[in-house]
Amino acid sequence: MEDHTNPEIKGGQGQVLKPETYRDSIGTMEQSGKRKWVFPKKPKGRYTNYRNIVAYTLLLFYFALPFITINGNPALKLDVINRQIFIIGQPFYPQDFFILTLGAIVSLICIIIFTIAFGRIFCGWICPQTIFLENVFRKIEYAIEGDRNKQMKLDRQEWDSEKIWKRGLKWTIYLILSLIFTHFMFMYIVGYQEVFRIVREGPFEHPTNFIAMILLTAAFYFVFAWFREQVCTLVCPYGRLQAVLIDKETINVFYDFNRGENRSKWRKGEDRKAAGKGDCIDCYQCVVVCPTGIDIRDGQQLECVNCTACIDACDEVMDKVGLPKGLIRYASEKEIETGNPVKFNARMKGFTILLIALQFLLGYLLYNRPDMEAKFIKPAGSTFFVRDGKITNTYSYTFLNKTNEKKIVNIRIIEPTNGEITSSGSSKIIVERDKIVKGTINVSFPESQIKLSKQNIELGVYDLEGNLIDSYKTYFEGPFKIQF
Ligand code: SF4
Ligand code: SF4
(Lines give C-alpha, C1' and ligand atoms only; values in the text may rest on other atoms or scores of the structure.)
(Ligands and ions follow the chains in the order given, each with its own letter.)
Protein backbone atom coordinates (compact mmCIF):
# COMPACT_ATOMS: atom_id res chain seq x y z
CA MET A 1 0.00 0.00 0.00
CA GLU A 2 1.13 3.53 -0.74
CA ASP A 3 1.55 5.88 2.16
CA HIS A 4 -0.79 8.83 1.64
CA THR A 5 -0.46 10.21 5.11
CA ASN A 6 0.91 13.58 6.03
CA PRO A 7 1.47 14.62 9.65
CA GLU A 8 -1.41 16.82 10.73
CA ILE A 9 -1.74 19.65 13.23
CA LYS A 10 -4.87 21.36 14.54
CA GLY A 11 -5.54 24.89 13.31
CA GLY A 12 -8.00 27.57 14.42
CA GLN A 13 -11.75 26.77 14.55
CA GLY A 14 -10.93 23.12 14.85
CA GLN A 15 -9.62 23.02 11.27
CA VAL A 16 -7.11 20.31 10.48
CA LEU A 17 -4.02 21.81 8.93
CA LYS A 18 -0.97 20.10 7.57
CA PRO A 19 2.46 21.56 8.14
CA GLU A 20 3.70 22.68 4.74
CA THR A 21 6.45 20.08 4.67
CA TYR A 22 5.26 18.99 1.22
CA ARG A 23 6.72 22.23 -0.13
CA ASP A 24 10.19 21.11 1.00
CA SER A 25 10.33 18.18 -1.39
CA ILE A 26 9.05 16.94 -4.72
CA GLY A 27 6.09 14.58 -4.58
CA THR A 28 7.69 12.21 -7.04
CA MET A 29 10.91 11.73 -5.12
CA GLU A 30 11.76 9.68 -2.05
CA GLN A 31 13.66 11.26 0.85
CA SER A 32 16.69 9.37 -0.40
CA GLY A 33 16.40 11.14 -3.76
CA LYS A 34 15.14 8.01 -5.53
CA ARG A 35 12.40 8.49 -8.10
CA LYS A 36 8.92 7.70 -6.79
CA TRP A 37 7.07 6.31 -9.80
CA VAL A 38 3.55 7.71 -10.25
CA PHE A 39 0.80 5.26 -11.17
CA PRO A 40 -2.16 7.58 -11.73
CA LYS A 41 -5.60 6.03 -11.78
CA LYS A 42 -7.28 6.29 -15.17
CA PRO A 43 -9.31 9.52 -15.06
CA LYS A 44 -12.89 9.62 -16.22
CA GLY A 45 -15.59 12.25 -16.18
CA ARG A 46 -16.81 15.45 -17.76
CA TYR A 47 -13.50 17.32 -17.96
CA THR A 48 -11.60 14.22 -19.10
CA ASN A 49 -14.03 13.90 -22.02
CA TYR A 50 -13.60 17.56 -22.99
CA ARG A 51 -9.85 17.27 -22.71
CA ASN A 52 -9.86 14.16 -24.90
CA ILE A 53 -11.74 16.05 -27.61
CA VAL A 54 -9.27 18.94 -27.48
CA ALA A 55 -6.26 16.60 -27.39
CA TYR A 56 -7.31 14.42 -30.33
CA THR A 57 -8.22 17.49 -32.40
CA LEU A 58 -4.77 18.94 -31.74
CA LEU A 59 -3.10 15.60 -32.53
CA LEU A 60 -4.97 15.46 -35.82
CA PHE A 61 -3.79 18.97 -36.53
CA TYR A 62 -0.19 17.97 -35.68
CA PHE A 63 -0.25 15.14 -38.22
CA ALA A 64 -2.08 17.11 -40.92
CA LEU A 65 -0.27 20.46 -40.77
CA PRO A 66 2.97 19.41 -42.58
CA PHE A 67 0.86 18.47 -45.63
CA ILE A 68 -1.16 21.70 -45.74
CA THR A 69 -0.08 24.40 -48.16
CA ILE A 70 -1.26 27.98 -48.51
CA ASN A 71 -0.73 29.62 -51.92
CA GLY A 72 1.73 26.85 -52.75
CA ASN A 73 3.80 27.45 -49.60
CA PRO A 74 3.89 25.15 -46.57
CA ALA A 75 1.50 26.35 -43.87
CA LEU A 76 4.29 25.95 -41.32
CA LYS A 77 7.93 25.24 -42.02
CA LEU A 78 10.82 26.17 -39.74
CA ASP A 79 13.94 25.33 -41.72
CA VAL A 80 16.25 27.78 -39.97
CA ILE A 81 19.46 26.28 -41.45
CA ASN A 82 18.30 26.79 -45.05
CA ARG A 83 16.52 30.04 -44.11
CA GLN A 84 13.13 28.73 -45.18
CA ILE A 85 10.64 29.88 -42.62
CA PHE A 86 6.94 29.86 -43.45
CA ILE A 87 4.24 30.80 -40.98
CA ILE A 88 0.62 30.57 -42.15
CA GLY A 89 2.05 30.19 -45.66
CA GLN A 90 3.92 33.49 -45.44
CA PRO A 91 7.66 33.33 -46.14
CA PHE A 92 9.89 34.99 -43.56
CA TYR A 93 13.48 35.95 -44.25
CA PRO A 94 16.40 37.03 -42.05
CA GLN A 95 15.34 40.59 -42.95
CA ASP A 96 12.00 39.95 -41.21
CA PHE A 97 13.64 38.68 -38.07
CA PHE A 98 12.44 41.65 -36.04
CA ILE A 99 8.82 40.80 -36.93
CA LEU A 100 9.32 37.23 -35.72
CA THR A 101 10.98 38.52 -32.55
CA LEU A 102 8.10 40.91 -31.94
CA GLY A 103 5.66 38.08 -32.62
CA ALA A 104 7.46 35.94 -30.02
CA ILE A 105 7.32 38.80 -27.47
CA VAL A 106 3.59 39.31 -28.13
CA SER A 107 3.00 35.56 -27.69
CA LEU A 108 4.96 35.60 -24.44
CA ILE A 109 2.95 38.51 -23.06
CA CYS A 110 -0.22 36.76 -24.21
CA ILE A 111 0.81 33.67 -22.24
CA ILE A 112 1.61 35.83 -19.20
CA ILE A 113 -1.78 37.55 -19.27
CA PHE A 114 -3.52 34.27 -19.84
CA THR A 115 -1.62 32.70 -16.95
CA ILE A 116 -2.44 35.58 -14.59
CA ALA A 117 -6.12 35.19 -15.41
CA PHE A 118 -6.50 31.44 -15.95
CA GLY A 119 -3.46 29.83 -14.34
CA ARG A 120 -2.06 26.76 -16.05
CA ILE A 121 -4.92 26.00 -18.41
CA PHE A 122 -2.32 25.76 -21.18
CA CYS A 123 -0.50 22.95 -19.32
CA GLY A 124 -3.60 20.85 -18.78
CA TRP A 125 -5.31 21.34 -22.11
CA ILE A 126 -2.90 22.35 -24.86
CA CYS A 127 0.69 21.56 -23.87
CA PRO A 128 2.15 18.90 -26.24
CA GLN A 129 3.89 17.22 -23.30
CA THR A 130 0.54 16.65 -21.53
CA ILE A 131 -1.24 15.61 -24.71
CA PHE A 132 1.41 13.10 -25.81
CA LEU A 133 1.78 11.68 -22.31
CA GLU A 134 -1.83 11.54 -21.15
CA ASN A 135 -3.62 10.95 -24.44
CA VAL A 136 -1.19 8.68 -26.24
CA PHE A 137 1.46 6.99 -24.10
CA ARG A 138 -0.57 6.65 -20.90
CA LYS A 139 -3.56 5.30 -22.84
CA ILE A 140 -1.37 2.54 -24.28
CA GLU A 141 -0.12 1.79 -20.78
CA TYR A 142 -3.68 1.45 -19.48
CA ALA A 143 -4.58 -0.79 -22.42
CA ILE A 144 -1.62 -3.14 -21.89
CA GLU A 145 -0.98 -3.08 -18.14
CA GLY A 146 -4.41 -2.13 -16.83
CA ASP A 147 -5.35 0.59 -14.36
CA ARG A 148 -3.35 1.83 -11.37
CA ASN A 149 -3.61 -1.21 -9.10
CA LYS A 150 -2.72 -3.67 -11.86
CA GLN A 151 0.22 -1.49 -12.92
CA MET A 152 1.49 -1.35 -9.33
CA LYS A 153 1.15 -5.10 -9.00
CA LEU A 154 2.99 -5.68 -12.26
CA ASP A 155 5.71 -3.30 -11.16
CA ARG A 156 6.22 -5.22 -7.90
CA GLN A 157 6.23 -8.67 -9.42
CA GLU A 158 9.28 -10.59 -10.63
CA TRP A 159 10.34 -10.46 -14.28
CA ASP A 160 8.17 -13.44 -15.21
CA SER A 161 6.74 -14.13 -18.68
CA GLU A 162 3.73 -11.84 -18.06
CA LYS A 163 5.85 -8.87 -17.07
CA ILE A 164 8.36 -9.40 -19.90
CA TRP A 165 5.57 -9.71 -22.45
CA LYS A 166 3.59 -6.67 -21.22
CA ARG A 167 6.55 -4.36 -20.70
CA GLY A 168 8.17 -5.55 -23.95
CA LEU A 169 5.01 -4.86 -25.91
CA LYS A 170 4.53 -1.45 -24.29
CA TRP A 171 8.11 -0.33 -24.89
CA THR A 172 8.04 -1.58 -28.50
CA ILE A 173 4.88 0.42 -29.20
CA TYR A 174 6.42 3.43 -27.46
CA LEU A 175 9.48 3.14 -29.69
CA ILE A 176 7.42 2.92 -32.88
CA LEU A 177 5.32 5.90 -31.77
CA SER A 178 8.43 7.90 -30.92
CA LEU A 179 9.74 7.20 -34.43
CA ILE A 180 6.46 8.31 -36.01
CA PHE A 181 6.19 11.47 -33.93
CA THR A 182 9.79 12.49 -34.61
CA HIS A 183 9.38 11.92 -38.36
CA PHE A 184 6.45 14.31 -38.29
CA MET A 185 8.51 16.73 -36.22
CA PHE A 186 11.16 16.60 -38.96
CA MET A 187 8.51 17.43 -41.54
CA TYR A 188 8.01 20.76 -39.80
CA ILE A 189 11.69 21.50 -40.40
CA VAL A 190 12.55 20.11 -43.83
CA GLY A 191 9.10 19.49 -45.30
CA TYR A 192 7.25 16.22 -45.87
CA GLN A 193 8.65 15.66 -49.37
CA GLU A 194 12.20 15.76 -48.02
CA VAL A 195 11.36 13.35 -45.17
CA PHE A 196 9.74 10.92 -47.62
CA ARG A 197 12.81 11.17 -49.88
CA ILE A 198 15.22 10.54 -46.98
CA VAL A 199 13.16 7.53 -45.84
CA ARG A 200 13.03 6.17 -49.42
CA GLU A 201 16.74 6.55 -50.03
CA GLY A 202 17.72 5.08 -46.66
CA PRO A 203 20.14 5.88 -43.82
CA PHE A 204 23.36 5.19 -45.81
CA GLU A 205 22.50 7.98 -48.25
CA HIS A 206 21.67 10.42 -45.43
CA PRO A 207 23.80 9.48 -42.39
CA THR A 208 23.52 12.95 -40.75
CA ASN A 209 19.74 12.99 -40.98
CA PHE A 210 19.64 9.41 -39.78
CA ILE A 211 21.72 10.19 -36.69
CA ALA A 212 19.63 13.30 -35.95
CA MET A 213 16.45 11.22 -36.23
CA ILE A 214 17.81 8.50 -33.95
CA LEU A 215 18.83 11.07 -31.31
CA LEU A 216 15.46 12.83 -31.47
CA THR A 217 13.60 9.52 -31.27
CA ALA A 218 15.71 8.48 -28.28
CA ALA A 219 14.96 11.81 -26.56
CA PHE A 220 11.24 11.44 -27.31
CA TYR A 221 11.21 7.87 -26.02
CA PHE A 222 13.16 8.83 -22.89
CA VAL A 223 10.71 11.66 -22.08
CA PHE A 224 7.52 9.67 -22.52
CA ALA A 225 8.63 6.22 -21.41
CA TRP A 226 10.60 7.29 -18.34
CA PHE A 227 11.04 11.00 -17.58
CA ARG A 228 7.33 11.85 -17.92
CA GLU A 229 5.91 14.25 -15.30
CA GLN A 230 9.46 15.24 -14.30
CA VAL A 231 9.45 17.50 -17.38
CA CYS A 232 6.61 19.50 -15.78
CA THR A 233 7.86 19.39 -12.21
CA LEU A 234 11.61 19.82 -12.72
CA VAL A 235 12.43 21.11 -16.20
CA CYS A 236 9.66 23.25 -17.68
CA PRO A 237 10.44 26.98 -17.16
CA TYR A 238 6.79 27.89 -17.63
CA GLY A 239 5.88 25.80 -14.62
CA ARG A 240 8.54 27.58 -12.56
CA LEU A 241 7.16 30.96 -13.64
CA GLN A 242 3.81 30.24 -11.99
CA ALA A 243 5.04 31.39 -8.61
CA VAL A 244 5.55 34.94 -9.86
CA LEU A 245 2.57 35.10 -12.20
CA ILE A 246 -0.37 33.85 -10.25
CA ASP A 247 -2.08 35.64 -7.40
CA LYS A 248 -5.12 35.09 -5.24
CA GLU A 249 -7.43 36.05 -8.11
CA THR A 250 -5.99 33.63 -10.64
CA ILE A 251 -8.34 30.85 -11.69
CA ASN A 252 -6.84 27.45 -11.07
CA VAL A 253 -7.88 23.97 -10.05
CA PHE A 254 -8.65 24.49 -6.37
CA TYR A 255 -9.80 22.45 -3.45
CA ASP A 256 -12.54 24.30 -1.55
CA PHE A 257 -10.94 24.03 1.88
CA ASN A 258 -13.78 26.01 3.52
CA ARG A 259 -16.22 23.38 2.42
CA GLY A 260 -13.98 20.33 2.59
CA GLU A 261 -12.43 20.69 6.06
CA ASN A 262 -12.55 19.08 8.57
CA ARG A 263 -12.03 16.15 6.33
CA SER A 264 -13.10 12.84 7.70
CA LYS A 265 -14.00 9.35 6.46
CA TRP A 266 -17.52 8.75 5.17
CA ARG A 267 -20.01 7.14 7.51
CA LYS A 268 -23.33 6.20 6.02
CA GLY A 269 -26.30 8.09 7.50
CA GLU A 270 -24.09 10.44 9.53
CA ASP A 271 -24.98 14.15 9.75
CA ARG A 272 -21.54 15.49 8.89
CA LYS A 273 -22.45 19.11 9.54
CA ALA A 274 -23.73 18.36 12.99
CA ALA A 275 -20.59 16.32 13.65
CA GLY A 276 -18.44 19.32 12.61
CA LYS A 277 -17.09 17.52 9.56
CA GLY A 278 -16.46 18.98 6.14
CA ASP A 279 -17.48 17.51 2.78
CA CYS A 280 -14.10 15.89 2.07
CA ILE A 281 -14.46 12.22 2.91
CA ASP A 282 -10.69 11.71 2.78
CA CYS A 283 -11.01 9.01 0.13
CA TYR A 284 -7.77 9.98 -1.68
CA GLN A 285 -9.39 9.58 -5.09
CA CYS A 286 -8.14 13.06 -6.03
CA VAL A 287 -4.62 12.00 -5.07
CA VAL A 288 -4.50 8.64 -6.84
CA VAL A 289 -5.56 10.14 -10.18
CA CYS A 290 -2.98 12.92 -10.05
CA PRO A 291 -0.34 12.42 -12.78
CA THR A 292 2.18 14.52 -10.86
CA GLY A 293 1.61 12.67 -7.59
CA ILE A 294 0.42 15.59 -5.46
CA ASP A 295 -2.45 16.18 -3.06
CA ILE A 296 -4.45 19.18 -4.27
CA ARG A 297 -5.87 19.56 -0.77
CA ASP A 298 -2.46 20.85 0.35
CA GLY A 299 -3.15 24.00 -1.70
CA GLN A 300 -1.67 25.41 -4.88
CA GLN A 301 1.56 23.67 -5.86
CA LEU A 302 3.99 24.20 -8.72
CA GLU A 303 3.63 20.53 -9.64
CA CYS A 304 -0.06 20.92 -10.48
CA VAL A 305 -0.53 20.99 -14.26
CA ASN A 306 -4.25 21.76 -14.00
CA CYS A 307 -5.14 18.53 -15.74
CA THR A 308 -8.59 18.45 -14.03
CA ALA A 309 -8.32 14.70 -13.24
CA CYS A 310 -8.88 15.44 -9.54
CA ILE A 311 -12.01 17.49 -10.34
CA ASP A 312 -13.54 14.52 -12.15
CA ALA A 313 -12.46 12.07 -9.45
CA CYS A 314 -13.90 14.17 -6.64
CA ASP A 315 -17.13 14.93 -8.52
CA GLU A 316 -17.67 11.20 -8.93
CA VAL A 317 -17.15 10.68 -5.19
CA MET A 318 -19.48 13.57 -4.31
CA ASP A 319 -22.09 12.06 -6.63
CA LYS A 320 -21.83 8.69 -4.92
CA VAL A 321 -22.20 10.09 -1.38
CA GLY A 322 -24.94 12.54 -2.38
CA LEU A 323 -23.01 15.77 -1.75
CA PRO A 324 -22.84 18.69 -4.22
CA LYS A 325 -20.13 18.46 -6.90
CA GLY A 326 -17.36 21.05 -7.16
CA LEU A 327 -15.45 20.43 -3.94
CA ILE A 328 -12.47 20.58 -6.28
CA ARG A 329 -13.16 22.98 -9.13
CA TYR A 330 -11.90 25.84 -11.27
CA ALA A 331 -11.85 28.82 -8.91
CA SER A 332 -9.58 31.50 -7.50
CA GLU A 333 -8.15 31.33 -4.01
CA LYS A 334 -9.93 34.60 -3.17
CA GLU A 335 -13.23 33.25 -4.46
CA ILE A 336 -12.90 30.23 -2.19
CA GLU A 337 -11.90 32.38 0.80
CA THR A 338 -14.54 35.07 0.37
CA GLY A 339 -17.15 33.64 -1.97
CA ASN A 340 -16.75 36.75 -4.21
CA PRO A 341 -16.26 36.29 -7.97
CA VAL A 342 -12.93 37.05 -9.68
CA LYS A 343 -12.28 40.68 -10.72
CA PHE A 344 -10.34 42.10 -13.67
CA ASN A 345 -7.61 43.74 -11.59
CA ALA A 346 -5.26 46.66 -12.42
CA ARG A 347 -2.34 44.38 -13.31
CA MET A 348 -4.45 42.46 -15.82
CA LYS A 349 -5.73 45.73 -17.32
CA GLY A 350 -2.16 46.99 -17.76
CA PHE A 351 -1.04 43.78 -19.47
CA THR A 352 -4.08 43.76 -21.72
CA ILE A 353 -3.45 47.34 -22.91
CA LEU A 354 0.18 46.43 -23.60
CA LEU A 355 -0.89 43.30 -25.50
CA ILE A 356 -3.36 45.20 -27.69
CA ALA A 357 -0.75 47.88 -28.45
CA LEU A 358 1.84 45.26 -29.39
CA GLN A 359 -0.62 43.41 -31.59
CA PHE A 360 -1.42 46.62 -33.45
CA LEU A 361 2.28 47.22 -33.95
CA LEU A 362 2.77 43.64 -35.15
CA GLY A 363 -0.18 43.94 -37.55
CA TYR A 364 1.17 47.26 -38.86
CA LEU A 365 4.63 45.81 -39.48
CA LEU A 366 3.23 42.74 -41.19
CA TYR A 367 0.85 44.75 -43.33
CA ASN A 368 3.58 47.19 -44.37
CA ARG A 369 6.16 44.52 -45.07
CA PRO A 370 7.30 45.27 -48.67
CA ASP A 371 6.62 42.58 -51.28
CA MET A 372 10.17 42.93 -52.40
CA GLU A 373 13.32 43.79 -50.54
CA ALA A 374 15.77 45.79 -52.70
CA LYS A 375 19.35 46.71 -51.92
CA PHE A 376 21.86 48.72 -53.99
CA ILE A 377 25.42 48.42 -52.73
CA LYS A 378 28.55 49.92 -54.24
CA PRO A 379 30.99 47.08 -54.95
CA ALA A 380 34.06 47.12 -52.69
CA GLY A 381 36.80 49.40 -54.07
CA SER A 382 34.63 50.88 -56.83
CA THR A 383 34.53 54.62 -57.31
CA PHE A 384 33.33 56.80 -60.20
CA PHE A 385 34.37 57.41 -63.78
CA VAL A 386 33.81 60.45 -66.04
CA ARG A 387 32.92 60.09 -69.70
CA ASP A 388 31.15 62.37 -72.22
CA GLY A 389 30.40 64.97 -69.54
CA LYS A 390 28.78 62.42 -67.28
CA ILE A 391 29.84 60.94 -63.97
CA THR A 392 28.99 57.27 -63.53
CA ASN A 393 28.83 55.01 -60.46
CA THR A 394 28.33 51.25 -60.43
CA TYR A 395 25.94 49.49 -58.01
CA SER A 396 25.32 45.83 -57.28
CA TYR A 397 21.67 45.17 -56.65
CA THR A 398 19.94 42.35 -54.76
CA PHE A 399 16.17 41.84 -55.05
CA LEU A 400 14.32 39.42 -52.80
CA ASN A 401 10.79 38.53 -53.89
CA LYS A 402 8.76 37.77 -50.75
CA THR A 403 5.50 37.14 -52.57
CA ASN A 404 3.95 34.03 -54.05
CA GLU A 405 4.06 35.34 -57.61
CA LYS A 406 6.68 36.21 -60.18
CA LYS A 407 7.55 39.93 -60.31
CA ILE A 408 8.79 41.83 -63.37
CA VAL A 409 10.38 45.07 -62.27
CA ASN A 410 12.53 47.95 -63.44
CA ILE A 411 14.87 50.34 -61.70
CA ARG A 412 14.50 54.10 -61.67
CA ILE A 413 16.25 56.99 -59.96
CA ILE A 414 13.91 58.69 -57.52
CA GLU A 415 16.25 61.40 -56.23
CA PRO A 416 17.90 63.48 -57.79
CA THR A 417 15.71 63.38 -60.86
CA ASN A 418 18.11 64.19 -63.67
CA GLY A 419 20.16 60.99 -63.74
CA GLU A 420 19.93 57.94 -65.93
CA ILE A 421 20.51 54.23 -65.68
CA THR A 422 22.72 53.13 -68.55
CA SER A 423 22.92 49.38 -68.01
CA SER A 424 21.04 47.11 -70.38
CA GLY A 425 18.40 44.85 -68.90
CA SER A 426 17.58 47.15 -65.99
CA SER A 427 14.20 47.97 -67.54
CA LYS A 428 12.86 44.41 -67.21
CA ILE A 429 14.18 42.28 -64.41
CA ILE A 430 12.37 39.02 -63.63
CA VAL A 431 12.31 37.95 -59.99
CA GLU A 432 10.68 34.59 -59.44
CA ARG A 433 8.60 34.00 -56.28
CA ASP A 434 10.62 33.42 -53.15
CA LYS A 435 13.88 33.96 -55.07
CA ILE A 436 16.81 36.38 -54.93
CA VAL A 437 18.09 38.09 -58.07
CA LYS A 438 21.44 39.85 -58.24
CA GLY A 439 22.91 42.14 -60.89
CA THR A 440 24.82 45.33 -61.64
CA ILE A 441 23.73 48.76 -62.91
CA ASN A 442 25.49 51.97 -63.88
CA VAL A 443 23.95 55.24 -62.71
CA SER A 444 25.04 58.45 -64.43
CA PHE A 445 24.48 62.14 -63.78
CA PRO A 446 25.62 65.20 -65.83
CA GLU A 447 28.98 66.35 -64.45
CA SER A 448 27.57 69.80 -63.78
CA GLN A 449 24.91 68.32 -61.44
CA ILE A 450 27.34 66.64 -59.07
CA LYS A 451 28.50 69.27 -56.66
CA LEU A 452 29.68 67.05 -53.82
CA SER A 453 32.21 64.22 -53.70
CA LYS A 454 29.56 62.15 -51.91
CA GLN A 455 25.93 62.82 -52.65
CA ASN A 456 22.80 61.07 -51.41
CA ILE A 457 20.64 59.37 -54.00
CA GLU A 458 17.55 57.18 -53.83
CA LEU A 459 16.86 54.31 -56.22
CA GLY A 460 13.44 52.75 -56.68
CA VAL A 461 12.14 49.39 -57.90
CA TYR A 462 8.88 49.66 -59.88
CA ASP A 463 6.50 47.14 -61.36
CA LEU A 464 5.51 47.35 -65.02
CA GLU A 465 2.46 49.44 -64.12
CA GLY A 466 4.76 52.04 -62.60
CA ASN A 467 3.97 51.31 -58.94
CA LEU A 468 6.85 51.73 -56.52
CA ILE A 469 7.60 48.38 -54.81
CA ASP A 470 10.64 49.29 -52.71
CA SER A 471 13.25 52.01 -52.55
CA TYR A 472 16.80 52.24 -51.27
CA LYS A 473 18.87 55.21 -50.19
CA THR A 474 22.59 55.15 -50.96
CA TYR A 475 25.29 57.60 -52.05
CA PHE A 476 26.83 58.69 -55.34
CA GLU A 477 30.52 59.52 -55.64
CA GLY A 478 31.97 62.32 -57.74
CA PRO A 479 35.22 64.24 -58.02
CA PHE A 480 36.28 66.34 -55.03
CA LYS A 481 35.48 70.02 -55.72
CA ILE A 482 36.59 72.98 -53.62
CA GLN A 483 33.52 75.04 -52.69
CA PHE A 484 33.88 78.82 -52.41
S1 SF4 B 1 -11.67 13.12 -3.90
FE2 SF4 B 1 -12.79 14.76 -2.89
S3 SF4 B 1 -13.61 13.75 -1.11
FE4 SF4 B 1 -12.04 12.41 -1.83
S5 SF4 B 1 -10.21 13.07 -0.73
FE6 SF4 B 1 -10.25 14.22 -2.60
S7 SF4 B 1 -11.25 16.13 -2.07
FE8 SF4 B 1 -11.72 14.67 -0.46
S1 SF4 C 1 -3.69 18.32 -8.57
FE2 SF4 C 1 -5.41 17.82 -9.87
S3 SF4 C 1 -5.29 19.26 -11.57
FE4 SF4 C 1 -3.33 19.31 -10.51
S5 SF4 C 1 -2.08 17.86 -11.62
FE6 SF4 C 1 -2.97 16.75 -9.92
S7 SF4 C 1 -4.85 15.86 -10.75
FE8 SF4 C 1 -4.17 17.41 -12.19
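The values are calculated or read from the model by the stated rules, or taken from the named source; none is laboratory data. What you see is a predicted model; the values in this text were computed from it and never measured. Positions of Cβ are backbone-derived with ideal geometry, glycine not excepted, and every protein chain shown enters the neighbour counts.
The table for this structure:
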item	result
Test: residue in segment 299-313 that is modelled with pLDDT under 90 and within 13 Å of ligand 1 (Cβ to nearest atom)	yes
All positions within segment 137-152 that are crowded, with 17+ Cβ neighbours inside 10 Å and in contact (Cβ under 8 Å) with a residue 40 or more places away in the chain	F137, R138, R148, Q151
Whichever residue in segment 33-50 is assigned to a helix (DSSP H, G or I) and within 16 Å of ligand 1 (Cβ to nearest atom) and, among such residues, is nearest to M318 (Cα to Cα)	R46
Residues (free of Cβ contacts under 8 Å to residues at least 40 places away in the same chain and within 19 Å of E373 (Cβ to Cβ)) located in segment 446-464	none
Number of the condition not met by T217 [criteria: (1) touching a Leu at 6+ places or on another chain (Cβ under 6 Å); (2) farther than 30 Å from H183 by Cα]	(2)
Residue selected from segment 316-341 under the condition crowded, with 22+ Cβ neighbours inside 10 Å and within 15 Å of ligand 1 (Cβ to nearest atom), by the criterion nearest to C290 (Cα to Cα)	I328
Test: D247 is farther than 21 Å from I131 by Cα, more than 9 Å from ligand 2 (Cβ to nearest atom), of a type in the set (D, E) and within 31 Å of the chain's Cα centre (by Cα)	yes
Looking only at segment 268-281, and only at residues there that are more than 16 Å from ligand 2 (Cβ to nearest atom) and touching a residue at least 12 places away in the same chain (Cβ under 8 Å), the one that is surrounded by the fewest Cβ atoms within 10 Å (Cβ to Cβ)	G276
Given (1) part of a helix (DSSP H, G or I); (2) surrounded by 12 or more Cβ atoms within 10 Å (Cβ to Cβ); (3) not hydrophobic (A, V, I, L, M, F, W, C), index of the condition T208 fails	(2)
Residue satisfying all of: in segment 381-414; among the polar types (S, T, N, Q) and at pLDDT 90 or above; nearest to the chain's Cα centre (by Cα) among these	T398
Residue pairs meeting the criteria (Cβ under 8 Å; at least 6 apart or on separate chains; first near ligand 1 (Cβ under 10 Å from one of its atoms), in segment 254-267; second basic (K, R) and not in a loop (DSSP other than H, G, I, E, B))	Y255/R297; D256/R329; F257/R297; G260/R297; R263/R297
Of all residues making up segment 273-292, the number that are within 14 Å of ligand 1 (Cβ to nearest atom) and in a loop (DSSP other than H, G, I, E, B)	10
Sole residue being closer than 24 Å to I131 by Cβ and touching a residue at least 12 places away in the same chain (Cβ under 8 Å), chosen from V287, V235	V287
Options T292, T250: the member that is crowded, with 21+ Cβ neighbours inside 10 Å, of a type in the set (V, I, T), out of contact with any Phe, Trp or Tyr (no Cβ under 9 Å at 6 or more places or on another chain) and in the same structural domain as R228 (by TED's automatic domain parsing)	T292
Test for R228: is it more than 13 Å from ligand 1 (Cβ to nearest atom), of a type in the set (K, R) and surrounded by 18 or more Cβ atoms within 10 Å (Cβ to Cβ)	yes
